[in-house]
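A short worksheet on the structure shown next.
The values are calculated or read from the model by the stated rules, or taken from the named source; none is laboratory data. Computed from a prediction, not measured in an experiment: that's the story for all the values here. Cβ coordinates were reconstructed from backbone atoms using ideal geometry, including for glycine residues, and neighbour counts include every protein chain displayed.
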Amino acid sequence: MTCVLTRLIVVQQDFRSPSRVEFKMGAEGILYLGQRISSGGDIGTVRYLGPVPPTKGDWVGVEWDEPSRGKHNGTKNGVVYFKCSHETGGSFVKPHKISAGISIATAILDRYAGSDIGLSGLENVETYLSNPVTHHKMKIEAVGMEKAHKVFKNLSNLRAVSLRMQDISHVGDNDFLENRAPNIEELDLSKNLFHEWESIAGISKQLCNLTQLNLSENKLQIPKSPADMAHDFSSLRIIILNNCGLTWINAMSISSMWPQICELHLGMNNISAITQPEHEIFCHLRVLNLTGNPVESWEHVKNLASLRKLEKLILNNCSLDQACIDLADFPALTNLSLSGNKFCNEDIFDQLNKLPVLNELNFRSNPVLEKESSETMREIIIAKIRGLKMLNRSAVDATERQGAEMDYMKRYGKYWRESGGNQDPVKNNPSSRFQNDHPRYLELVKVHGAMEDGEFLIKSTALKSNLLQVTIVVPDKPELRPLEKKLPHSMTVGALKMMIYRLLKIPIKEQRLEYVSHHNPDHVVSMSKDTETLYYISLESGDRILVHPKWADRKWTVKFC
């Protein structure tokens with residue numbers, strides 16, 4: 001087999017990378033093992049070059065990024081030519097059907113400069129719009145097209161450049177970007193044919209203003225001396241490496257290339273184990289995205305706590321099911337995303353409350369959220385995490401926080417009393433188990449004051465006890481006599497508003513309800529949530545329901561001239 005390969009293929013050293021061996025396949029150009037190629041819109045990696053008996057000529061053995069594109073695992077007629085990570089990830093392709101890629105210079109010219117042919121007469125080009133029903137053609141004018149083309153044609157105007165899926169594999173002219181498009185700040189090179197970091201460095205070193213670089217879905221080999229290329233990436237602040245087949249060790253080993261990196265995206269890679277970065281690694285990092293990685297446990301996440309400047313951590317869809325956080329962990333972390341994980345218990349929120357400056361949390365699609373309604377779970381999260389100002393991208397204002405914390409105290413008030421809680425501060429000593437289950441409860445008592453037993457004790461379920469004798473009053477309309485009504489505990493605030501509309505003809509949209517406790521006239525409770533029951537808001541027999549107009553809580557300023 002070795003003799004056959006030598007006879008058919010000319011082997012030479014690649015001047016761009018002395019460690020790389022190339023195979024010149026006749027008139028088809030140069031290919032080499034490990035090279036990234038495309039064919040028919042699919043991307044793969046060259047794993048074999050040579051004959052495949054009994055067929056004639058040379059073949060390229062390719063491992064495809066998309067396994068469904070292949071036919072086998074590199075074994076043909078019992079002979080192992082190469083190996084694939086998937087059983088159907090490989091196939092053999094004729095060299096003339098393969099593209100080894102184009103230069104970034106060619107891609108930019110094709111996409112942003114266009115052809116010079118016919119530009120001088122652009123204003124004379126006639127364009128027609130056809131009606132699909134009548135097939136009648138109407139002439140239209142393309143106003144400003146030549147001017148717009150000239151703007152794009154001047155490549156020095158480019159700031160953000162997107163070259164996704166353009167089959168780019170190398171730099172091309174080493175001075176093209178520096179001379180023609182030197183002002184690029186954001187560059188998207190995702191899903192191209194790059195194989196070596198040396199090629200990326202050749203691009204970056206020409207762009208002194210480059211701050212953001214997207215290399216997602218490129219399979220790049222780890223270079224032998226990453227630190228040697230640090231100068232080429234000196235301006236880079238944000239790098240995106242989603243779905244690049246990297247491990248955490250890989251990411252740390254190449255981090256010396258980006259000395260000033262502050263935002264790193266490593267979504268959908270092979271990161272399961274995370275080790276603690278050494279002192280100089282990621283020392284400037286403020287944003288880290290690990291979405292879609294199979295992180296084994298929170299113990300691995302905890303190793304990131306040494307990143308003292310980390311402000312935003314994205315751990316969506318990482319299969320995490322529990323967390324154990326120390327008070328000293330993540331001292332600068334203000335924004336955390338944990339959506340799409342496997343958290344089942346409310347104690348996750350108690351753990352998150354230990355993060356000293358956390359104020360924004362994304363926490364969707366976790367099993368614990370299915371235990372209650374979405375509204376109730378939002379209240380519980382807000383009550384358990386003291387510093388939240390944003391939950392699932394929705395602001396938490398002071399009014400919502402107060403309501404959530406008061407409702408939380410009602411919900412667990414009976415448990416608090418039974419475990420040793422008391423309205424008297426001297427006697428207020430709930431059990432350690434209660435404090436472990438509800439670590440913020442005593443803090444909430446200090447903020448809002450202890451609730452009376454009548455506000456949270458469970459009433460009898462007997463029908464007679466389930467009816468509340470209340471008085472409905474409209475303070476702004478003294479001509480309407482107070483109504484004495486018996487209402488079921490299960491009635492919602494929304495149903496109550498409907499009843500008031502039927503009896504008093506006050507439109508629902510104009511009602512703002514409150515109730516006044518018969519125990520304490522100074523205790524006034526808002527009835528603002530239509531889905532809550534009278535039982536849940538602790539309405540009792542003897543209480544008064546006040547019906548205010550909606551506009552009564554607005555402040556009006558009148559100026560006279």
In segment 84-95, the residues that are within 17 Å of Ile37 (Cα to Cα) and not in a strand (DSSP E or B): Cys84, Gly89, Lys94, Pro95
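Regarding Thr399, is this residue assigned to a helix (DSSP H, G or I), closer than 30 Å to Thr291 by Cα and modelled with pLDDT under 95? Spell out the reasoning first.
Values: assigned to a helix (DSSP H, G or I): yes; closer than 30 Å to Thr291 by Cα: no; modelled with pLDDT under 95: yes.
No: the conditions fail for Thr399.
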Selection within segment 251-277 - in contact with a Lys or Arg (Cβ under 9 Å, 6 or more places away or on another chain) and buried (at least 16 other Cβ atoms within 10 Å of the Cβ): Trp258, Ile261, Cys262, Glu263, Ile274
Identity of the residue in segment 137-172, closer than 17 Å to Ser204 by Cβ and among the small types (Gly, Ala, Ser), that ends up modelled with the lowest pLDDT: Gly172
Pair list, Cβ under 7 Å, 6 or more apart: segment 73-87 residue on the phi > 0 side of the Ramachandran plot, other residue part of a strand (DSSP E or B) and of a type outside the set (A, V, I, L, M): Gly74/Arg47; Gly74/Gly61; Gly74/Gly90
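Would you check if Ala395 is aliphatic (A, V, I, L, M), surrounded by fewer than 18 Cβ atoms within 10 Å (Cβ to Cβ) and farther than 23 Å from Glu455 by Cα?
Working: aliphatic (A, V, I, L, M): yes; surrounded by fewer than 18 Cβ atoms within 10 Å (Cβ to Cβ): yes; farther than 23 Å from Glu455 by Cα: yes.
Considered against the rule, which asks whether it is aliphatic (A, V, I, L, M), surrounded by fewer than 18 Cβ atoms within 10 Å (Cβ to Cβ) and farther than 23 Å from Glu455 by Cα, Ala395 comes out as yes.
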Condition check for Arg386: touching a residue at least 12 places away in the same chain (Cβ under 8 Å), assigned to a helix (DSSP H, G or I) and not assigned by TED's automatic domain parsing to the domain that holds Glu443: no
Failed criterion for Ile508 (all others in (1) touching a Lys or Arg at 6+ places or on another chain (Cβ under 6 Å); (2) at pLDDT below 90 hold): (2)
Identity of the residue in segment 299-327, over 15 Å from the mean Cα position of the chain (by Cα) and of a type in the set (Lys, Arg), that ends up surrounded by the fewest Cβ atoms within 10 Å (Cβ to Cβ): Arg308
Residue in segment 495-511 that is surrounded by 12 or more Cβ atoms within 10 Å (Cβ to Cβ) and polar (S, T, N, Q) present: yes
Some residue of segment 109-120 being at negative phi, modelled with pLDDT of 95 or more and either charged (D, E, K, R) or within 38 Å of the chain's Cα centre (by Cα) (or both): no
Candidate set from segment 55-96 (those that are closer than 21 Å to Lys191 by Cβ, surrounded by 14 or more Cβ atoms within 10 Å (Cβ to Cβ) and among the acidic types (Asp, Glu)); member that is farthest from the chain's Cα centre (by Cα): Glu63
Selection within segment 354-384 - in contact with a Lys or Arg (Cβ under 9 Å, 6 or more places away or on another chain) and among the β-branched types (Val, Ile, Thr): Thr376, Ile380, Ile382
Residue tally, condition within 17 Å of Thr531 (Cβ to Cβ) and in a loop (DSSP other than H, G, I, E, B), over segment 464-509: 3
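Would you confirm whether or not segment 294-306 contains a residue that is in contact (Cβ under 8 Å) with a residue 12 or more places away in the chain, of a type in the set (Gly, Ala, Ser) and outside any loop (DSSP other than H, G, I, E, B)?
Start the filter on segment 294-306 by keeping residues that are in contact (Cβ under 8 Å) with a residue 12 or more places away in the chain, which leaves 294-306.
Among the residues that remain, those that are also of a type in the set (Gly, Ala, Ser) are: 297, 305-306.
Narrowing further to those that are outside any loop (DSSP other than H, G, I, E, B): 305-306.
Yes, segment 294-306 contains a residue that is in contact (Cβ under 8 Å) with a residue 12 or more places away in the chain, of a type in the set (Gly, Ala, Ser) and outside any loop (DSSP other than H, G, I, E, B).
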Index of the failed condition, Ser465 passing every other in (1) over 48 Å from the mean Cα position of the chain (by Cα); (2) farther than 28 Å from Tyr408 by Cβ; (3) modelled with pLDDT under 90: (2)
Breaking point among (1) within 19 Å of Leu304 (Cβ to Cβ); (2) surrounded by fewer than 16 Cβ atoms within 10 Å (Cβ to Cβ); (3) not aliphatic (A, V, I, L, M), for Thr247: (2)
Count - residues of segment 36-62 that are in contact with a Pro (Cβ under 8 Å, 6 or more places away or on another chain) and in a strand (DSSP E or B): 3
